[in-house]
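Below: one structure, written as structure tokens.
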């Protein structure tokens, strides 16, 4: 009897799976089920007035009626977003919801079929990525493994200033970053390939800072990192927002961590905005918790 009960417990442990964010669930929810159930979270469009209120009615980045995608395929459908200067916004949702497409569209990596993107009062919808970085102060921090492994830490930082008029400007900015992050300064002559996962992520973030952007688009900052490095990365992002006044728009697969960090949270479903609220309010929402936080 004891052996049978132990076998049942072992079988149950094996069948337990991880949730979308943190925590355990006892049944597997397919992507289709998550999409269907998430779509039921709201029965009508999120009012623009609500988005404006979350941004303190002073949007620094505003997306209105955006229809965007890749090739001829439309991924985002009449998508709206507002975030104030110095605020942070986290996009969550099931796989394929269009979260990264939002970042790609802001930076210029998608085809825009309709709508517009405005940064600090300037319509940047049709600008190229380099012009968005140079003239609109928008920087994109890619997912992991975007460093140049054969280059030194210092050389990687210099590459972040490729749009500057003179190389000396990038070198000066790199020195400022080394003062801010001694961890990188200690490894300035080391090839990037020898850095730990957390150090590589710090380098990726720091390289984006060379052009001194006002808006940071951060794609999956915790991906592939050990828990101790995840905490370090979010501490860095918090300092950039609270200390340096950066506006941060983030996609984060660890929904709980992302919402804990962000002032504002958006739930995307099938390329549309299903919910929007303060980050801590979404953390407390039972349906959001069940579908995306593993609780």
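Checked against (1) under 20 Å from residue 142 (Cβ atoms); (2) under 16 Å from the mean Cα position of the chain (by Cα), residue 259 passes all but a single condition, namely (1). For the residues 157, 81, 142, 76, the requirement of being buried (at least 22 other Cβ atoms within 10 Å of the Cβ) and under 30 Å from residue 179 (Cα atoms) singles out 157. Against the numbered list (1) touching a residue at least 60 places away in the same chain (Cβ under 8 Å); (2) at positive phi; (3) touching a helix residue (DSSP H, G or I) at 6+ places or on another chain (Cβ under 8 Å); (4) crowded, with 17+ Cβ neighbours inside 10 Å, residue 120 comes up short only at (4).
Please count how many residues of the range 84-97 are in a loop (DSSP other than H, G, I, E, B), at pLDDT 95 or above and either surrounded by 24 or more Cβ atoms within 10 Å (Cβ to Cβ) or touching a helix residue (DSSP H, G or I) at 6+ places or on another chain (Cβ under 9 Å) (or both). Of the residues in that region, 2 qualify.
The set of residues in the range 195-217 that are surrounded by fewer than 19 Cβ atoms within 10 Å (Cβ to Cβ) and within 22 Å of residue 231 (Cβ to Cβ) comprises 196, 197, 198.
Of everything listed in (1) on the phi > 0 side of the Ramachandran plot; (2) assigned to a loop (DSSP other than H, G, I, E, B), the single unmet condition for residue 115 is (2). When restricted to residues that are over 20 Å from residue 291 (Cα atoms) and in contact (Cβ under 8 Å) with a residue 60 or more places away in the chain, the range 243-275 contains 6. Within 19 Å of residue 142 (Cα to Cα) and either out of contact with any helix residue (DSSP H, G or I) (no Cβ under 8 Å at 6 or more places or on another chain) or surrounded by 22 or more Cβ atoms within 10 Å (Cβ to Cβ) (or both), is that true of residue 231? Taking the combined requirement at face value, the residue satisfies it. Residues of the range 155-169 that are in a helix (DSSP H, G or I) and over 18 Å from residue 200 (Cα atoms): 167, 168, 169.
The values are calculated or read from the model by the stated rules, or taken from the named source; none is laboratory data. If you're wondering where the values come from, they're calculated on a predicted model, not measured in any experiment. Here Cβ is always computed from backbone atoms with ideal geometry, including for glycine, and neighbour counts include all displayed protein chains.
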